[in-house]
Structure formats: C-alpha cells, structure tokens
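The values are calculated or read from the model by the stated rules, or taken from the named source; none is laboratory data. What you see is a predicted model; the values in this text were computed from it and never measured. Positions of Cβ are backbone-derived with ideal geometry, glycine not excepted, and every protein chain shown enters the neighbour counts.
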Amino acid sequence: MITHIAYDNEILSGKPHIAGTRLSIEFILELFASGATKEDVIKSYPQLTTEAVEEVLKYAEKFSETAERVLSKNTDLYKRLS
C-alpha cells in the first residue's frame, strides 16, 4: 500500500512526490545515486520520515521490475529506448 507517494497535477506538474512536500521521487533517487545514505537524506530533509524514504526505494524497485518485464517482452521497444 502506497501512503507516502502522491500524484497531483498542481504539484511538480504531476510528478510522483512525497505527500505533503514538493520533493519528487526522482529527486530523492538522484540523492541516492549521488551517494547519499538514507540517514543523509533524512538529515538534509527533516520533513521526510524513514517510512517515506523506504517507500520511495520500494516504489523505484517495483517500477524498475515492471519496466524490465515489459521491455523484455518487447525487444523492439527496448531497442528504440536504448
């Protein structure tokens, strides 16, 4: 169940974000990609909870698995996106 991730066309042009903030899921993932730890992210953005950050990571994992499954079934699409 997703409780910390929201979509609203009025916030960040509809990008998925942490509910109650203007912090996009993409931004949080970019922090991790740049080497930040969960503790670093929460310290830098105290409006985030541990649960919200963990939900972002689960969301990203689920999205990644779904994208991989779809692309593996459609090699033409995969080639166009590569």
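Scanning the stretch 18-41 for residues that are part of a loop (DSSP other than H, G, I, E, B) and more than 20 Å from Y7 (Cβ to Cβ) yields S34, G35, A36, T37.
Looking at the stretch 42-72, which of its residues are among the charged types (D, E, K, R), without any contact (Cβ under 8 Å) to a residue 12 or more places away in the chain and either more than 14 Å from F32 (Cα to Cα) or touching an Asp or Glu at 6+ places or on another chain (Cβ under 6 Å) (or both)? Residues satisfying the conditions are K62, E65, E68, R69. Pairs meeting the criteria (first residue in the stretch 1-17 and at negative phi, second residue of a type in the set (A, V, I, L, M) and in a loop (DSSP other than H, G, I, E, B), beta carbons under 8 Å, at least 6 apart or on different chains) are T3/A19; H4/A19; I5/A19; A6/A19; H17/I11; H17/L23. Out of everything in the stretch 5-17 that is in contact with a Phe, Trp or Tyr (Cβ under 9 Å, 6 or more places away or on another chain) and part of a loop (DSSP other than H, G, I, E, B), what residue ends up being surrounded by the fewest Cβ atoms within 10 Å (Cβ to Cβ)? Of everything passing the filter in the stretch 5-17, K15 is surrounded by the fewest Cβ atoms within 10 Å (Cβ to Cβ).
Which residue is surrounded by the fewest Cβ atoms within 10 Å (Cβ to Cβ), if the candidates are limited to the stretch 26-36 and must be within 11 Å of the chain's Cα centre (by Cα) and not hydrophobic (A, V, I, L, M, F, W, C)? Checked the stretch 26-36; the qualifying residue surrounded by the fewest Cβ atoms within 10 Å (Cβ to Cβ) is E30. Taking the stretch 37-59 as the range and being surrounded by 12 or more Cβ atoms within 10 Å (Cβ to Cβ), modelled with pLDDT of 95 or more and either under 8 Å from the mean Cα position of the chain (by Cα) or of a type in the set (G, A, S) (or both) as the test, only A52 passes.
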